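The values are calculated or read from the model by the stated rules, or taken from the named source; none is laboratory data. Remember, predicted model here, so these are calculated numbers, not experimental data. Cβ placement follows ideal geometry from the backbone for every residue including glycine, while neighbour counts extend to all protein chains displayed. Quick note on the areas: whole protein, heavy atoms, side chains included, nothing else; ligands and nucleic acids left out. Shrake-Rupley method; radii C 1.70, N 1.55, O 1.52, S 1.80 Å.
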Amino acid sequence: MSEKCKGLHEMLEKLLLIRYPFELELLPLNGIYFFYEKGESTPHTGKQRIVRIGTHGKSRSLKQRLRDHYNGNREGSIFRKHLGTALLKRAGVSEIWIREWRKRRKKSPHWKEFEDVEKMVDKILRSNFSFRVICVDDPSERKM
């Protein structure tokens, strides 16, 4: 398996590494994205490790999905929700508040109180994460 992982990393390293801010117009309409985080490296190549792989559904484009991650809120991006949860846990916030954070924003009576967490998620995503994309137009191929 490690040879396959190494091959995937080597293939992706040939693609453009995109950082925030980026031009949505330059991205393909459909595809798969591979997120990298500063400080994370893979033993296969010693270069950046893939920390998240994602795609999009039929009703949204790849561009919209990436915009949701970088400029959205936790309702539009489970990735943002996970990052915010990690930040809250690191800060020692109670499980009650973490459960509130995980709820749908409009259903939480405290959603306004989480705006600072959303801003921290923005800052971390924009400064620490980059990505590469592969254009894949066929929805069934994106889900493989």
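Tabulated results
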item: Coordinate range along principal axes, alpha carbons of segment 5-90, Å, largest first; result: 36, 35, 23
item: Over the chain, relative contact order from alpha-carbon pairs under 8 Å, at least 6 apart, %; result: 35
item: Trypsin sites (Lys or Arg not before Pro) within segment 1-104: DSSP coil, no more than 14 neighbouring Cβ in 10 Å; result: K14, K47, K58, R60, R104
item: ³J(HN,Hα), Karplus 6.51/-1.76/1.60, whole Hz, each residue of segment 123-136, x for Gly, Pro; result: 4, 5, 4, 5, 9, 10, 10, 9, 8, 10, 10, 10, 6, 9
item: Helix-only CD estimate at 222 nm, as mean residue ellipticity for the chain, using -39500 (n - 2.57) per DSSP H run (n ≥ 4); result: -12000 deg cm²/dmol
item: Point-charge dipole on Cβ atoms (K/R +1, D/E -1) for the chain, about Cα centre, debye to 20; result: 460
item: Cα Rg, Dmax, the chain, angstrom units; result: 16.4, 49
item: Portion, in percent, of the accessible area of segment 1-41 that falls on carbon or sulfur, probe 1.4 Å; result: 56
item: Point-charge dipole on Cβ atoms (K/R +1, D/E -1) for segment 51-100, about Cα centre, debye to 20; result: 260
item: Options L83, P28, T55, ranked by Cα towards positive dipole end of the chain, top entry (Cβ charges); result: L83
item: Calculated SAXS-style log₁₀ I(q)/I(0) at q = 0.13, 0.22 Å⁻¹ - segment 66-124, Debye, Cα scatterers; result: -0.27, -0.80
